[in-house]
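Please read the structure below before turning to the comments.
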Amino acid sequence: MKVSALQQARYSYNPKLPLILREDISKIRPVLGQKTQSVSDQEKLQKLFPNTYGLPKVSFEKGDKKDAGKKMNVGVILSGGQAPGGHNVISGLYDALKKANPESQLYGFIGGPSGILEDKYIIMTDELIDEYRNTGGIDIIGSGRTKLESQDQFAVCTEVCHKHNINAIVIIGGDDSNTNAAVLAEYFRAKGESICVVGCPKTIDGDLKNESIEASFGFDTATKTYSELIGNIERDANSARKYWHFIRLMGRSASHIALECALQTQPNICLIGEEVEAKNQSIEDITNYIADIVAKRAENGNNFGVILVPEGLVEFVPSLKMLIREINDLLASVEKEFNAIDSIKEKISFVEQKLSKQSRSVFDSLPDEIKGQLLADRDAHGNVQVSKIETEKLLIQTVEKRLKEMKAAGTYKGKFSTQNHFFGYEGRCAFPSNFDADYCYSLGYNAVLLLEANLTGYLSSVTQLSKPADQWQAGGIPITMMMNLEQRHGELKPVIRKALVELDGEPFKYFASHRDEWAVGTCFTFPGAIQYYGPAEVCDQSTMTLKLEHKN
Ligand code: FBP
């Protein structure tokens, strides 16, 4: 296989581990801390997880341990969307397993959770792992969005584990997948099975974080990749001085990606979904906000600029949120009838007639293109796929209209020429930054220590991430500790609480205190491409979000 020069060089990059994980693996032992409580609904969660609730937090120290070097067969599954660093979690797992006992085996289930259900796997070898070290993507095993959540599926998992003598499963996923990892861990214990389940926090969206999990992996690389592209566009905008660029950024619901990219590139405008919701803003309010800034810049002869739009924005605008909910419910209830309709025009009018009066008027106000996108295929949960809704184009149209009105009223005299972009898939499989390469390798390596100690229902945790890697702390956090009960499809379900952008958090406060200056002045910053080799201040920086959250 022909590989690029960078890929070749990355094969020999040695990810940096926290100091404790650099010790002889047979001499790293777990230290159990205080028992934990879930973030809320403690009594109810205790009942739902009688075997795995309230477990202690775990850290590691140097010392002898029992069961050092026991042979293990571990299965690994990547669940959900791709995120840079997935291959390093797997190489970290593999290296730690083989160091602890060269006879241990790592089974990679193919294509996500469906791999274990269909018993499709590969057994990892040195040759295979070496082809993927420090590379982007997750093609070594692939990923998938099948949910592992039913008792029948868990029974199949048990059978497959018995068949291969698998004593532990590592699930690499976001909040939903790790919620299901906790349920699977409880299922195994309730059935008297000794199979352990450990999760690793993955999602470029950055919404799996809390006091104990400082960041999900992939967020660093994805935001650095998007920020490079945004910076390049800013420089182009500043050179040509003729376009307003509307850039939509991935991140299904939370706006962490847009916020981090704004902190890195200082665009003229960045919309934050959580703020839109808190202020109960409509598309009209957002349109007026953008149009006013366009007009102010035009007064200074600046008929150009850059606007960041989080892809989840539509679900934060209250009227659109209600419309989307109605469409989701409707499509779930009339699925067959709806799918039998061929043309998109007829689909639109079919749905229109069934909406409430309020939602119908919102739907009718949208361009046909957006209406069609709102009716596109649902995801596995029956939700609209926000990555397919071109909100940036919708805003271009509404702002254009508003500026025409302002021109007629004499309050705007500029030129408004636009370009639209969507950055999402460009960042999910990039070569992991040094941060993600180190963090992911540490998460995988650390997971093996948890499994060796027979700890189940834990999330592999590496903290103090805004410091250099040798000061990182390794350990494990009981997943039930991050859970609460939430309504899902009409039922109260135990789930890991999703972390949205906090409007009183330092990253948002920093952004909010600078945005007026960035709007009218041209304060663009150009982060450039991710650097893999060179001084630490260029290559090993964590995100601005982490730095501001940790105040360093
Ligand atoms: P995960 O949370 O599963 O990691 O995926 C996040 C994400 O990248 C979102 O940002 C985006 O909306 C979605 O996946 C796109 O999904 P798909 O790859 O199925 O188009």
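Just so it is clear, none of the values below were taken in a lab; they were calculated from the coordinates. Quantities reported herein were computed from a predicted structural model and do not represent experimental measurements. Don't worry about glycine lacking a Cβ; one is built from the backbone with ideal geometry, like all the others, and counts go over all protein chains shown.
Please pull out the direction-averaged projected area of the range 223-267, using the convex hull of its alpha-carbon atoms, in nm² to one decimal place. Can you show the working numbers first?
Details: hull surface 11.8 nm².
If I average the Cα hull's projected area over directions, I get 3.0 nm².
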How large is the convex hull of the C-alpha atoms of the range 11-105 per residue, in Å³? 169
With R₀ set to 30 angstrom, the calculated FRET efficiency between the beta-carbons of residue 8 and residue 473, to the nearest 0.05, is 0.35
Taking a ≥ b ≥ c as the square roots of the eigenvalues of the Cα gyration tensor, with a/c under 1.5 meaning rounded and otherwise prolate when a/b exceeds b/c and oblate if not, the range 197-306 is oblate
Rounded if a/c is under 1.5, else prolate if a/b is larger than b/c, else oblate: which is the range 376-439, with a ≥ b ≥ c the root eigenvalues of its Cα gyration tensor? oblate
Can you give me the angle between helix 318-333 and the longest principal axis of the chain, using Cα atoms only, in degrees from 0 to 90, rounded to the nearest 10? 60
By the C-alpha gyration tensor axes a ≥ b ≥ c (rounded if a/c is under 1.5, else prolate when a/b exceeds b/c, else oblate), the shape of the chain is prolate
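Figure the gain on full extension for residue 377 and residue 540 (residue separation times 0.36 nm, minus the Cα-Cα span) and round it to one decimal in nm. Let's see the in-between values first.
Details: separation 163, 0.36 × 163 = 58.68 nm, distance 4.00 nm.
Using 0.36 nm per residue and subtracting the Cα-Cα distance, I get 54.7 nm.
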Using 1/(1 + (r/R0)^6) with R0 = 56 angstrom and r between the beta carbons of residue 123 and residue 506, what's the FRET efficiency to the nearest 0.05? 0.80
With 0.36 nm assigned to each residue of separation and the Cα-Cα distance removed, residue 26 to residue 296 gains 90.7 nm
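Can you give the net charge of the other residues whose Cβ lies under 15 Å from the Cβ of residue 232, counting K and R as +1 and D and E as -1? Write down the numbers at each step before the final one.
Details: positive: 224, 235; negative: 228, 234, 236, 426.
Net charge around residue 232: -2.
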Using only alpha carbon pairs under 8 Å that are at least six residues apart, calculate the relative contact order of the range 130-227 and give it in whole percent. 21
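List the relative contact order of the range 1-76 as a percent without decimals, with contacts defined as Cα pairs under 8 Å and 6+ residues apart.
Result for the range 1-76 is 36 percent.
Could you estimate the translational diffusion coefficient of the range 261-373 from the Stokes-Einstein equation, with Rh from the Kirkwood formula over C-alpha pairs, at 10 °C and 1.306 mPa s, in whole µm²/s?
Details: Rh = 16.2 Å.
Diffusion coefficient, whole number: 98 µm²/s.
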Overall Cα dimensions of the range 455-552, principal axis frame, Å, largest first: 49, 37, 23
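Cβ neighbours within 10 Å, averaged per peptide: list 282-290, 410-418 in order, most packed at the top.
On the way: 282-290: 17.8, 410-418: 14.7.
Descending mean neighbour count gives 282-290, 410-418.
Which whole number in µm²/s is D for the range 98-173 by Stokes-Einstein, with the Kirkwood Rh taken over Cα pairs at 10 °C and 1.306 mPa s? Provide the component values of the computation, followed by the final result.
Values: Rh = 13.5 Å.
Calculated translational D: 118 µm²/s.
Kindly rank 529-540, 321-332, 264-275 from highest to lowest mean number of other beta carbons found within 10 Å of each residue.
On the way: 529-540: 12.8, 321-332: 17.0, 264-275: 23.5.
With the highest mean Cβ count within 10 Å placed first, the list reads 264-275, 321-332, 529-540.
Over the range 325-408, what lengths in whole Å, largest first, do the semi-axes of the equivalent ellipsoid take, defined as the square roots of 5 times the eigenvalues of the alpha-carbon gyration tensor? Kindly include the intermediate steps, with their values, before the conclusion.
Working: eigenvalues 141, 40, 25 Å².
Taking √(5λ) for each eigenvalue gives 27, 14, 11 Å, largest first.
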Among 507, 473, 383, whose Cα lies farthest out toward the positive end of the dipole of the chain, if unit charges sit on the beta carbon of Lys, Arg (+1) and Asp, Glu (-1)? 507
Here the relative contact order (percent) of the range 185-295, from C-alpha pairs under 8 Å and at least 6 apart, is 19
On a straight-distance basis, which lysines could pair with residue 191 in a cross-link, Cα separation under 20 angstrom, same-chain partners fewer than 8 positions away excluded? 47, 163
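Could you order the peptides 176-188, 91-103 from most to least packed, using the average number of other C-beta atoms within 10 Å per residue?
Numbers: 176-188: 25.3, 91-103: 21.2.
Per-residue mean Cβ counts within 10 Å order the peptides as 176-188, 91-103.
Around residue 176, under 14 Å between beta carbons, what's the net of Lys plus Arg minus Asp minus Glu among the other residues?
Details: positive: 145, 147, 202, 252, 488, 493, 497, 498; negative: 149, 175, 205, 207, 379, 486.
That sum, taken over residues with Cβ under 14 Å, equals +2.
With runs of 4+ DSSP H residues as the only contributors, calculate the mean residue ellipticity of the chain at 222 nm using -39,500 (n - 2.57) per run, divided by the residue total and rounded to the nearest 500. Could the numbers behind the result be given before it?
Working: 22 runs with 236 residues, N = 552.
Calculated from helices alone, the mean residue ellipticity at 222 nm is -13000 deg cm²/dmol.
Pulled fully out, how much extra length does the chain show between residue 329 and residue 242, if you take 0.36 nm times their separation in residues and subtract their Cα-Cα distance?
Values: separation 87, 0.36 × 87 = 31.32 nm, distance 4.33 nm.
Extra length from residue 329 to residue 242 when fully extended: 27.0 nm.
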Return the inverse of the average 1/r over all pairs of distinct C-alpha atoms in the range 338-482, which is the Kirkwood hydrodynamic radius, in Å to one decimal. 20.8
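Work through the residues other than residue 62 whose Cβ is under 11 Å from its Cβ and net out their charges, Lys, Arg +1 and Asp, Glu -1. Mind dumping the intermediate values first?
Working: positive: 22, 27, 29, 65; negative: 23, 24, 61, 64.
So the surrounding residues net to 0.
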